[in-house]
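Engineer: The structure under discussion is supplied below as structure tokens; questions concerning it will follow.
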Amino acid sequence: MEQKRFLRGVAMVVGLVAFLVSSQSVGAQSAGSSTIGVSTEEVKLVARGWSAKKKIMGKPVYNDQNQKIGTVDDLIITPDKSVSYAIIGVGGFLGIGKHDVAIPANQLKEEHGKLILPGATKETLKAMPKFEYTA
């Protein structure tokens, strides 16, 4: 149940981002210009939505033994506008020596307000290929 809520929340955030990026608001327009923003109905949808910044970004990730194994540093949204990977930062101090890995978003679970990556340890994540952003 919690996992479905978590994944539904991620899907809602992605859908909202995709909607806001691909649509224009309803409002007064003049030739050659458009109004930036959202309609009143869209604002209601946003207010009832789910915040990736508050619920996921920067949050600790635990394994199923309740050991902290990393932190969610980023979410990767693919060109088809779906959240497909969470970038988990493992180890390091103040960003020094940190090892970022890409984990399929559907492997993360939410249980009692915590993000869980079942079966993972810091060692298994550090053994994974390091994720690096392209230029």
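Every read-out reported here was derived from the displayed coordinates using simple, explicitly stated rules and does not represent laboratory data. All values derive from a computational prediction rather than experimental measurement. Glycine also receives a Cβ, built like all others from the backbone with ideal geometry; neighbour counts cover every protein chain displayed.
Engineer: Can you sort K126, K68 so the residue with the fewest Cβ neighbours within 10 Å comes first? Show your work: numbers first, answer last.
Structural biologist: Numbers: K126 14, K68 11.
Ordered from fewest to most neighbouring Cβ atoms within 10 Å, K126, K68 come out as K68, K126.
Engineer: Turning to a different aspect of this structure: I need H112, H99 ordered by Cβ neighbour count within 10 Å, fewest first.
Structural biologist: Values: H112 6, H99 18.
Listed from fewest to most nearby Cβ atoms, that is H112, H99.
Engineer: Which FRET efficiency value, to the nearest 0.05, do you get for K53 and Y133 by plugging their Cβ-Cβ distance into 1/(1 + (r/R0)^6) with R0 = 22 Å?
Structural biologist: Numbers: r = 19 Å, r/R0 = 0.87.
The formula returns an efficiency of 0.70 here.
Engineer: Under the rule a/c < 1.5 gives rounded, and otherwise a/b versus b/c splits prolate from oblate, where does segment 72-114 land using the Cα gyration tensor?
Structural biologist: Values: a/c = 2.82, a/b = 1.37, b/c = 2.06.
Oblate.
Engineer: What's the exposure ranking of K130, K122, going from fewest to most Cβ atoms within 10 Å?
Structural biologist: Working: K130 11, K122 15.
Ordered by Cβ neighbours within 10 Å, fewest first: K130, K122.
Engineer: Mind giving me the nanometre distance, one decimal, between the label points for T40 and E123, set 7 Å out from Cα along Cα→Cβ?
Structural biologist: 6.1 nm
Engineer: Then there is this: 5 Å is the cut-off here: which amide hydrogens, built 1.01 Å from N in the peptide plane, fall below it relative to I69, excluding neighbours closer than 5 in sequence?
Structural biologist: So I69 has HN proximity to V61, Y62, N63.
Engineer: What is the distance, in nm, between label points placed 7 Å from the Cα along the Cα-to-Cβ direction at S84 and at Q67?
Structural biologist: For the pair S84/Q67, the computed spacing is 3.1 nm.
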